Amino acid sequence: KAGVTQTPRYLIKTRGQQVTLSCSPISGHRSVSWYQQTPGQGLQFLFEYFSETQRNKGNFPGRFSGRQFSNSRSEMNVSTLELGDSALYLCASSLDVKGDLSPWAGYGYTFGSGTRLTVV
Amino acid sequence: QKEVEQNSGPLSVPEGAIASLNCTYSDRGSQSFFWYRQYSGKSPELIMFIYSNGDKEDGRFTAQLNKASQYVSLLIRDSQPSDSATYLCAVNMESGGYQKVTFGTGTKLQVIP
């Protein structure tokens with residue numbers, strides 16, 4: 001069974017550029033979440049998509065955006081890159097069949113390997 | 001106040017001992033709780049899930065939940081050097097009609113041979 005696939009693994013970009021990261025969830029998983037991980041802040045929630053709809057969004061500026069396609073693959077985009085955007089970006093998929101994240105369901109995350117973004 | 005708080009550590013325990021990792025959360029409405037393990041340079045992996053008050057055991061791991069005290073813990077019995085990693089507590093919180101998973105910053109565990 002294939003896991004969560006994130007591409008690319010590494011990126012080096014210049015300030016002011018934009019970047020698009022891709023995530024293919026586990027087959028059958030319709031929920032995809034994105035997190036930013038930095039040494040000081042830990043895992044910070046960016047957004048969550050389910051069936052092509054953004055259900056939740058974290059406290060990040062509008063430069064961070066995302067979308068999900070009908071095959072559940074997701075992309076996130078960061079425009080006008082800043083030095084502080086350097087981080088590991090993790091995608092996580094979840095078997096949230098009903099879309100309500102019932103608390104007793106235990107729909108935990110399976111994470112991808114992440115994309116390491118360096119902004120110079 | 002952070003939504004999910006963990007002691008960053010490092011927590012050092014000798015091999016064979018019990019490691020106790022703690023987590024507190026701010027949202028009383030939180031309903032489900034997860035523990036993830038993250039090895040250095042790797043992605044987090046799910047190791048435990050709990051939603052009812054009390055203890056839940058899985059092999060050498062025991063998760064403990066006390067909703068009244070807003071406290072969740074992870075016990076690792078017979079700790080092994082391979083358990084050395086950062087342990088992340090994650091909490092499902094209601095947000096805008098849906099649930100959002102918030103992570104603590106993690107506790108680094110070192111198991112000394």
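Screening the stretch B:101-113 for residues that are more than 8 Å from chain A (Cβ to nearest Cβ) and in a strand (DSSP E or B) and picking the one that is most open to solvent (accessible area, probe 1.4 Å) gives B:Lys108.
Here A:Phe60 meets the list (1) of a type outside the set (Ser, Thr, Tyr); (2) outside any loop (DSSP other than H, G, I, E, B); (3) at pLDDT 95 or above; (4) under 14 Å from the mean Cα position of the chain (by Cα) almost entirely, failing just condition (2).
Can you confirm whether the stretch A:73-90 contains a residue that is at the interface with chain B (Cβ under 10 Å from one of its Cβ atoms) and either out of contact with any Cys (no Cβ under 9 Å at 6 or more places or on another chain) or surrounded by 21 or more Cβ atoms within 10 Å (Cβ to Cβ) (or both)?
Yes, because at least one residue in the stretch A:73-90 is at the interface with chain B (Cβ under 10 Å from one of its Cβ atoms) and either out of contact with any Cys (no Cβ under 9 Å at 6 or more places or on another chain) or surrounded by 21 or more Cβ atoms within 10 Å (Cβ to Cβ) (or both).
Within the stretch B:1-16, being more than 11 Å from B:Leu109 (Cα to Cα) and part of a loop (DSSP other than H, G, I, E, B) holds for B:Gln1, B:Lys2, B:Glu3, B:Gln6, B:Glu15, B:Gly16. When the stretch A:54-72 is filtered for residues that are more than 19 Å from A:Gln17 (Cβ to Cβ) and within 14 Å of chain B (Cβ to nearest Cβ), the ones remaining, listed by number, are A:Gln54, A:Arg55, A:Asn56, A:Lys57, A:Gly58, A:Asn59.
Can you name every one of the strands (runs of 3 or more DSSP E) wholly within the stretch B:17-100 that holds 1 or more residues which are open to solvent by less than 50 Å² (accessible area, probe 1.4 Å) and in contact (Cβ under 8 Å) with a residue 24 or more places away in the chain?
Details: elements: B:19-25, B:32-38, B:45-50, B:54-58, B:61-66, B:71-76, B:85-95.
Per the criteria, B:19-25, B:32-38, B:45-50, B:61-66, B:71-76, B:85-95.
The values are calculated or read from the model by the stated rules, or taken from the named source; none is laboratory data. Just so it is clear, the structure is predicted and the values come from calculations on it, not from any experiment. Cβ sites come from the backbone with ideal geometry, for glycine too, and all protein chains shown count toward neighbours. With ligands, DNA and RNA removed, areas are computed over all heavy atoms of the protein, side chains included. Shrake-Rupley method; radii C 1.70, N 1.55, O 1.52, S 1.80 Å.
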